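Have a look at the structure below before the remarks.
The values are calculated or read from the model by the stated rules, or taken from the named source; none is laboratory data. Predicted model only: the values in this text are computed from it and were never measured. Reconstructed Cβ throughout: ideal geometry from the backbone, glycine too, with neighbour counts over all protein chains shown. What goes into the accessible areas is simple: the full protein's heavy atoms, side chains included, and nothing from ligands, DNA or RNA. Shrake-Rupley method; radii C 1.70, N 1.55, O 1.52, S 1.80 Å.
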Amino acid sequence: MKFILIIAVIIATGIGILQRFKLSDLNAETARLETGKSAPSLKRGDRTLQENQPSPEATSAQFEVVRETLINILVAYKNGAENPNDKWMEQLLLAAGHFSGKDITNFVNSLRGDPRLVGVDADEISHFYREIFSDVSPFAWRDYLQAHRELPNWQGLFDSAVSSCLQADPKRAIRQFEEESARGNRDFATSVIRKGVLLNLAASDPDKMLAMAISPEFAADPDALAHLGGFVDDRLKKTEDHHRFLAALRRATQKNPDSPLWQTIRKEYVREMAGQLASWSCESVKTLVDGEFSLEEKLLVTEQASHRGDLSDIGKWADWFLSIDP
């Protein structure tokens, strides 16, 4: 139980640090726009991140920070500590963000046989650093996994790593997925990865997403397409994203009217629509549903919405419900 709490602290701390990175990136971009200077590369700590470059290798000092801090945390945990030191965690996570796949290999090898870790379960140690690298340097972790296919449950670990990459940098992860798929790399051909790619494209490029969904590779993978519409509905957070997705779905249907996939996606999308309503204004929902949905779809959404008790300004919703003539 203690170990689970420590992992939770790691993830929470990592998210906080990454949010600070994003805020500093945003501030830097704002300053650039105000001064009219050329765009700087994004920085995390003193590391320059460039989309087309592999993860840079850590310095020897950064490597030692990660190694020694992680060992200190594990030893403290072994001795009964409930939570790791916050300063330790911040140092560890900042330095771990500089690791390459090769660095992770060297790091894992350096932990083996360290006398300070005697009595700490090996599975707990590996789970600990997996969470760290998957969170703060997912592309390096994925590279490490590609070089260590002997690990138990390798494909599951790899799928999870690619999912982390999609969250950290969707454009880079999708571009690499397409490159590896073009090379025939079957490591990237799993249902989990394919679905992750599709869902990450739902808001940014729905036309591309739907074109991929009907491609032979995806069409032959029913697990990757299962309940796709419902998952898409959960990924689209803004009403304009929904308008853009439905417009793309219309265009896809016009190009391939005989494909049953479009009808399935739309049916699941409408079925899950009620899950979004509490976070939207009535006017936004009316604009979307009245403008895009058939009468049958509109009745389904309003019937589901009428059972919700968390809708703001319920009077407006009631007036809209009553205005729909079946």
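What is the pair-distance distribution P(r) of segment 77-236, computed from all Cα-Cα distances in 5 Å bins starting at 0, with each bin given as a whole percent?
Going from the shortest bin to the longest, the percentages are 1, 8, 15, 19, 16, 13, 10, 8, 5, 3, 1, 0.
Output the direction-averaged projected area (hull surface divided by four) of the convex hull of the alpha-carbon atoms of segment 102-197, in nm².
Average projection, Cα convex hull of segment 102-197: 6.3 nm².
Taking loop as defined by DSSP and a crowding limit of 16 other beta carbons within 10 Å, which trypsin sites (Lys or Arg not before Pro) in segment 180-241 fit?
Answer in residue order: 183, 237, 238.
Across segment 124-136, in residue order, what do the Karplus-derived ³J(HN,Hα) couplings come to in whole Hz, using 6.51 cos²θ - 1.76 cosθ + 1.60 with θ = phi - 60° and x for Gly and Pro?
5, 4, 5, 5, 4, 6, 4, 4, 5, 5, 4, 7, 9
Principal axis lengths of segment 258-312 from Cα atoms, whole Å, largest first?
Rounded to whole Å, the extents work out to 41, 19, 17 Å.
Rounded to the nearest Å, what's the spacing between the alpha carbon centres of segment 78-156 and segment 246-283? Just the number, please.
If we compute the Cα centre of each part, the gap is 42 Å.
Could you provide, to the nearest whole Å², the per residue accessible area of segment 64-113 with probe 1.4 Å?
On a per-residue basis, segment 64-113 sits at 44 Å².
Pop a pseudo-label 7 angstrom from the Cα along the beta-carbon direction at both residue 179 and residue 68 and give the gap in nm to one decimal.
The two pseudo-label positions are separated by 3.6 nm.
Give me a comma-separated list of calculated 3J(HN,Hα) values for segment 170-185, in order, Karplus coefficients 6.51, -1.76, 1.60 applied at θ = phi - 60°, integers in Hz, x for any Gly or Pro.
x, 4, 5, 5, 5, 4, 5, 4, 5, 5, 5, 5, 5, 7, x, 6
In µm²/s, what is D for segment 205-274 at 25 °C and 0.890 mPa s, where D = kT/(6 pi eta Rh) by Stokes-Einstein and Rh is the Kirkwood radius from Cα pairs?
In µm²/s, the coefficient is 202.
Given q = 0.16, 0.17, 0.25 Å⁻¹, what are the Debye log10 I(q)/I(0) values for segment 144-216, with equal point scatterers placed on the Cα positions and solvent ignored?
-0.55, -0.62, -1.25
Need the full-extension length gain, residue 127 to residue 247, defined as separation in residues times 0.36 nm minus the C-alpha distance. One decimal, nm.
Result for the pair: 38.8 nm of gain on full extension.
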